[in-house]
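J.: For reference, the structure I am asking about is given below.
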Amino acid sequence: LPQEFIEALPVLEQIRQAGFEAYFVGGSVRDTLLGLPIHDVDIATSAYPAEIKDIFERTVDTGIEHGTVMVLDHGNGYEITTFRTESGYQDFRRPDKVEFVRSLKEDLKRRDLTINALALAPDGTVIDLFSGITDLENKVLRAVGQPEERFFEDALRMMRTVRFASQLGFSIETDTFAAIAKNAHLLEKIAVERIHVEWVKLLLGQDLKQGVAAFLKTELYRYCPGLAQQKENLAKLLELDEFQLADELACWSLLCYLCDFSISDAKKFLKSWKTSNEIITEVTNVLTLLKHADEPTIDPFSCYKAKEKATQTAADLAEILQLKLSKETLITTYEQLPIKDKAQLTINGKVLIEKLSLKPGPILGKVLNILEHEVVLGNLPNQSEVLLQRAQELSKD
Ligand code: ATP
Ligand code: MG
């Protein structure tokens, strides 16, 4: 058992001693069987939330209406969720009505894929009611039960399936694939925030091409914000040499670049996906740098304006896309900047006001901007006497 499970064993043991069942479930079981690192340990139990709260001294109601209680144990927090069935699915969305049950089988039945419907008992036994282990061995993504029914219940599961294709490099079982292709339009019913999570995970996957190919072939892309007309541009991802995207910024930047979006189109596109404002700003910076993609050099001021994060991202994309503007050129240009930030100038507005008796206002701002520009380009050394003298000349003009 991985360390994370071993640390959680006393918690499971305590639930069992109180007379209830408790298992590890979900992604951590799947990833352990695949030999992958795990990030969150999910525990499922036959005990009801109130019973869990009786068993443990320190608990937090993180999602009690869905049956989840967080148990605090030796500095760790464990999400413990009561076995539940979900009913009253409306409009192809995840239900908000859940019913607590005492049977593990009922709980595993409502899960999306067979590889995600495994449970691990504290003694190391795997409970595999839907041949999830065989599917893990054969690298197959298969819906639990009738695929179409399962996608009617929650259409996000279609997106999750192609996301796992990308993360794990698994193929999608024929009936499951057909059900996605047939019902892709149901994705329109799903909140964009939920689709966003799966889409970014898909783009960050190690086997991105596998995921993107399925995303295109099932036509799920037609029901995602801003992508309905982008089939050819998305297919460009399949032509690139093997690559791995570093983070969400790289994902969105690459997409916007391949779709050939103008800055304002990119902003609209990102807004429609409800990305953060920080992502929108940084993608804008990356795209501005990549306007120079067909030139072998880039002026230092562009890198200065873009700042480190966007320059690094543009550099990574330059490599992936094999642009004429190379990764090395971008990185070196940034690294060799005499200053990285206005605050590093040896003078500032206050100094100019004191030493040159300049007045606050637009002229002072202009002078400072020119000095900044010239220092960044290496035309002036970043020395206060030199800058003061230049400022004096400029303020006379
Ligand atoms: P990750 O490694 O990204 O966390 P995960 O499979 O653990 O993947 P979670 O969203 O953490 O994904 O969900 C935990 C478990 O809950 C899943 O393994 C699956 O059993 C179940 N699950 C999550 N979302 C759904 C869904 N939309 N429909 C059915 N079951 C789901
Ligand atoms: Mg998880």
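Values quoted throughout were computed directly from the atomic coordinates according to the rules given, and no laboratory measurement underlies them. In this text the structure is predicted, and so the values were computed from the model without any measurement. Ideal geometry is used to build each Cβ from the backbone, glycine not excepted, and the neighbour counts take in all protein chains shown.
J.: Please compute the net charge surrounding LEU352, taking Lys and Arg as +1 and Asp and Glu as -1 over other residues with Cβ under 14 Å from its Cβ. Display every interim value, and only then the final one.
T.: On the way: positive: LYS342, LYS350, LYS355, LYS359, LYS366, ARG390, LYS396; negative: GLU354, GLU372, GLU385, GLU393.
Counting the neighbours of LEU352, the net charge comes to +3.
J.: Distances longer than 27 Å among the Cα atoms of the range 44-200: what percent of all pairs is that? Kindly include the intermediate steps, with their values, before the conclusion.
T.: Values: 3647 of 12246 pairs.
In whole percent, the share of Cα-Cα pairs in the range 44-200 beyond 27 Å is 30.
J.: From Cα pairs below 8 angstrom and at least 6 apart in sequence, can you work out the relative contact order of the chain, rounded to a whole percent?
T.: Working: 617 pairs, mean separation 32.5, N = 397.
About 8 percent, as a whole number.
J.: Calculate, for GLU51 and ALA246, the FRET efficiency according to 1/(1 + (r/R0)^6) with r their C-beta to C-beta distance and R0 45 Å; round to the nearest 0.05.
T.: 0.55
J.: Determine the dipole magnitude for the range 125-169: charges of +1 sit on the beta-carbon of Lys and Arg, -1 on that of Asp and Glu, nothing else is charged, the reference point is the Cα centre, and the result goes in debye to the nearest 20. Can you show the working numbers first?
T.: Details: 6 positive and 7 negative charges, 44 e Å.
The calculated dipole for the range 125-169 is roughly 220 debye.
J.: Taking all pairs of distinct Cα atoms, average 1/r, flip it, and tell me the Kirkwood hydrodynamic radius of the range 274-397 in Å to one decimal place.
T.: Result for the range 274-397 stands at 15.8 Å.
J.: Give me the log10 of I(q) over I(0) for the range 1-131 at q = 0.23 Å⁻¹, as the Debye formula computes it from C-alpha points; what are the numbers?
T.: -1.53
J.: Still on this structure, please answer the following. Could you tell me the relative contact order of the range 1-131? Use alpha-carbon pairs under 8 Å, at least six residues apart, and round to a whole percent.
T.: 23
J.: For the chain, give the magnitude of the charge dipole about the Cα centre (Cβ charges: +1 Lys/Arg, -1 Asp/Glu; no others), in debye to the nearest 20.
T.: For this selection, approximately 1260 debye.
J.: Ok, one more. Considering the dipole of the chain built from charges on the beta carbon (Lys and Arg +1, Asp and Glu -1) around the Cα centre, which of ALA228, ALA181, ILE370 is farthest to its positive end?
T.: Final value for the positive-end residue is ILE370.
J.: Note the per residue figure in Å³ for the convex hull of the C-alpha positions in the range 247-337. Don't jump to the answer; show the numbers that get you there.
T.: Details: hull volume 7.3 nm³, N = 91.
Per residue, the Cα convex hull of the range 247-337 comes to 80 Å³.
J.: Using the alpha-carbon centroid of each, what span in Å lies between the range 263-301 and the range 167-210?
T.: First find each Cα centre; the distance between them is then 26 Å.
J.: Can you tell me the relative contact order of the range 139-239? Whole percent, Cα pairs under 8 Å, sequence separation 6 or more.
T.: Answer for the range 139-239 is 31 percent.
J.: Exposed loop trypsin sites (Lys or Arg not before Pro) only (DSSP loop, at most 16 other Cβ atoms within 10 Å): please give the longest stretch of the chain free of them, not including the sites.
T.: On the way: sites that count: ARG58, LYS97, ARG102, LYS139, LYS274, LYS291, LYS324, LYS340.
Longest site-free region, per DSSP loop and neighbour criteria: 140-273.
J.: Once the convex hull of the alpha carbons of the range 139-239 is built, what does its volume come to per residue, in cubic angstrom?
T.: Values: hull volume 8.5 nm³, N = 101.
Output value, Cα hull per residue: 84 Å³.
J.: How big is the charge dipole of the range 42-173 about its Cα centre, in debye rounded to the nearest 20, if each Lys and Arg gets +1 on its Cβ and each Asp and Glu gets -1 on its Cβ?
T.: It comes to approximately 320 debye.
J.: What share of Cα pairs, in percent, lie more than 32 angstrom apart in the chain?
T.: 51
J.: Can I ask one more? Once the Cα atoms of helix 3-17 and of the chain are each reduced to a long axis, what angle between those two axes, in degrees from 0 to 90 to the nearest 10, is obtained?
T.: The helix 3-17 is inclined about 40 degrees to the chain.
J.: Quick check: convex hull of the Cα atoms in the range 345-396, volume per residue, rounded to a whole Å³?
T.: Cα convex hull per residue, to the nearest whole number: 60 Å³.
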